[in-house]
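A.B. asks: Can you keep this structure in mind? I'll have questions shortly.
The values are calculated or read from the model by the stated rules, or taken from the named source; none is laboratory data. In this text the structure is predicted, and so the values were computed from the model without any measurement. Here Cβ is always computed from backbone atoms with ideal geometry, including for glycine, and neighbour counts include all displayed protein chains. Keep in mind that these areas ignore ligands, DNA and RNA; they rest on the heavy atoms of the full protein, side chains included. Shrake-Rupley method; radii C 1.70, N 1.55, O 1.52, S 1.80 Å.
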Amino acid sequence: MLLEPFRMERMQSTWENLVEFDLSESGVRPLTLRELMAMGFDLDGFLDVPLGYSQSNGTLELRETLTAQYPGATVDHIEVTNGTSEANLVVAMTLLKPGDEVALQVPNYMQYWGVPRGLGATVNTFRLAVERDWEPDWDEFERAVHAKTRLVYLSNPNNPTGSVLSRRSMERMVRRCEEVGAWLLVDEVYLGAEIDSGRTPSFWGMSDRVIVTSGLSKAYGIPGIRIGWIVGPPAVMADCWSQHDYITIGPNKLSDRLARIAVMPENREKCYGRTREILKTNLAIVREWAAGFGGFLEWREPKAGAIGLFQYRSSAPSIELCERIRTKHSVLIVPGAHVGLESHLRIWLGGREEYLKEGLRRVGEELRLLMA
Ligand SMILES: Cc1ncc(COP(=O)(O)O)c(C=O)c1O
């Protein structure tokens, strides 16, 4: 498998620790180990645990606790991975072969642009249409999802629009995948990061063609322990586990133990509640900032997730604009071109208030030059 550069991740890996303000992030500011101890993690007890290999598809305890989130799932429906990104990778390695066709919702986290192509598959995109409040462009969807489509990838809630598909759209997508015999892979890592609305419904259980991936990185606010998971039919999970053997074997022991604490229902709600509070406060800051540009900046406020996506009224290419913002103002933001939507900027909403305000002020300086 030969993977092309993952443009957004490459840019982040290169600059995120070198700029003064990193607004390219996409989760809320992370929890600490101390906060996980307050939720019940026994650090002292862990000090004597031998650091051997952990159960490579996730400990029974972790998988059992996760089943509570996915009605009808047993421990055999779950594979625990190193982050959601590994979950997505393992699914691709399990299900795709050269010549397959994949349909990718755009804009998106573009892992399913590069990975299927690296495996020799073709990627067809379909658009979420801003003029339809980010519901799919159904003509494009029907064209992209057809008899040869092996897999459809969505992120819901979506990165970067922060939108959540309506129940009718979910049903229509599931129906189409069943008709054509495609797998529907739904990345739900932002589920639980709703700002004002109720909990996003999971695709889990809508069809036996549905596979869900998720993890601790976004709605939970714990990216650093690198835990994700796949939920799907046991036969597919067995194949995923077998692929996983070749990649990282399994998640590490400390992370598995920490994840067991985080996914306990009462702790999960605490994490989600914390995320919601951070996002509510920051959304107000960003709303006020964006209003200061008149019609030059347009956005739909996210329903979920720690990202604002702004369209700017200029023909300046987004990569060049973000590069100027980085070099002149030491702020890193994501160009729309990296998420499949030119003339947009993706800005992180999940940080501390003062950090966000100063980062936005600096971005604004460059945008005002563009307006002039
Ligand atoms: C939709 C989506 N999936 C997966 C990931 C990667 O998640 P993880 O850190 O759990 O590997 C991201 C990161 O931004 C994302 O936005």
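A.B. asks: Please go through (1) surrounded by fewer than 22 Cβ atoms within 10 Å (Cβ to Cβ); (2) closer than 20 Å to Glu288 by Cβ; (3) touching a residue at least 24 places away in the same chain (Cβ under 8 Å) for Val331 and return the number of the only condition it doesn't satisfy.
C.D. replies: Among (1) surrounded by fewer than 22 Cβ atoms within 10 Å (Cβ to Cβ); (2) closer than 20 Å to Glu288 by Cβ; (3) touching a residue at least 24 places away in the same chain (Cβ under 8 Å), Val331 violates only (1).
A.B. asks: What number goes with the only condition from (1) within 25 Å of Gly215 (Cα to Cα); (2) touching a Pro at 6+ places or on another chain (Cβ under 9 Å) that Glu79 does not pass?
C.D. replies: All conditions pass for Glu79, except number (2).
A.B. asks: Moving to a separate point now. Looking at the range 188-196, is at least one residue within 16 Å of the ligand (Cβ to nearest atom), of a type in the set (Asp, Glu) and assigned to a loop (DSSP other than H, G, I, E, B)?
C.D. replies: Taking every residue of the range 188-196 in turn, at least one turns out to be within 16 Å of the ligand (Cβ to nearest atom), of a type in the set (Asp, Glu) and assigned to a loop (DSSP other than H, G, I, E, B).
A.B. asks: Sticking with this one: Quick one: which residue in Ala68, Ala73 is touching a strand residue (DSSP E or B) at 6+ places or on another chain (Cβ under 8 Å) and either more than 19 Å from Ile222 (Cα to Cα) or open to solvent by 90 Å² or more (accessible area, probe 1.4 Å) (or both)?
C.D. replies: Result: Ala73 is the single residue among Ala68, Ala73 that is touching a strand residue (DSSP E or B) at 6+ places or on another chain (Cβ under 8 Å) and either more than 19 Å from Ile222 (Cα to Cα) or open to solvent by 90 Å² or more (accessible area, probe 1.4 Å) (or both).
A.B. asks: Now for a separate question. Kindly indicate the residue of the range 22-32 that is surrounded by fewer than 23 Cβ atoms within 10 Å (Cβ to Cβ) and more than 12 Å from the ligand (Cβ to nearest atom) and also farthest from Cys322 (Cα to Cα) among those meeting that condition.
C.D. replies: Across the range 22-32, the extreme among qualifying residues is Thr32.
A.B. asks: Can you tell me which residues in the range 188-234 are out of contact with any strand residue (DSSP E or B) (no Cβ under 6 Å at 6 or more places or on another chain), open to solvent by 30 Å² or more (accessible area, probe 1.4 Å) and either free of Cβ contacts under 8 Å to residues at least 60 places away in the same chain or among the acidic types (Asp, Glu) (or both)?
C.D. replies: Once the filter is applied, which keeps residues that are out of contact with any strand residue (DSSP E or B) (no Cβ under 6 Å at 6 or more places or on another chain), open to solvent by 30 Å² or more (accessible area, probe 1.4 Å) and either free of Cβ contacts under 8 Å to residues at least 60 places away in the same chain or among the acidic types (Asp, Glu) (or both), the range 188-234 yields Asp196, Gly198, Arg199, Pro201, Met206, Asp208.
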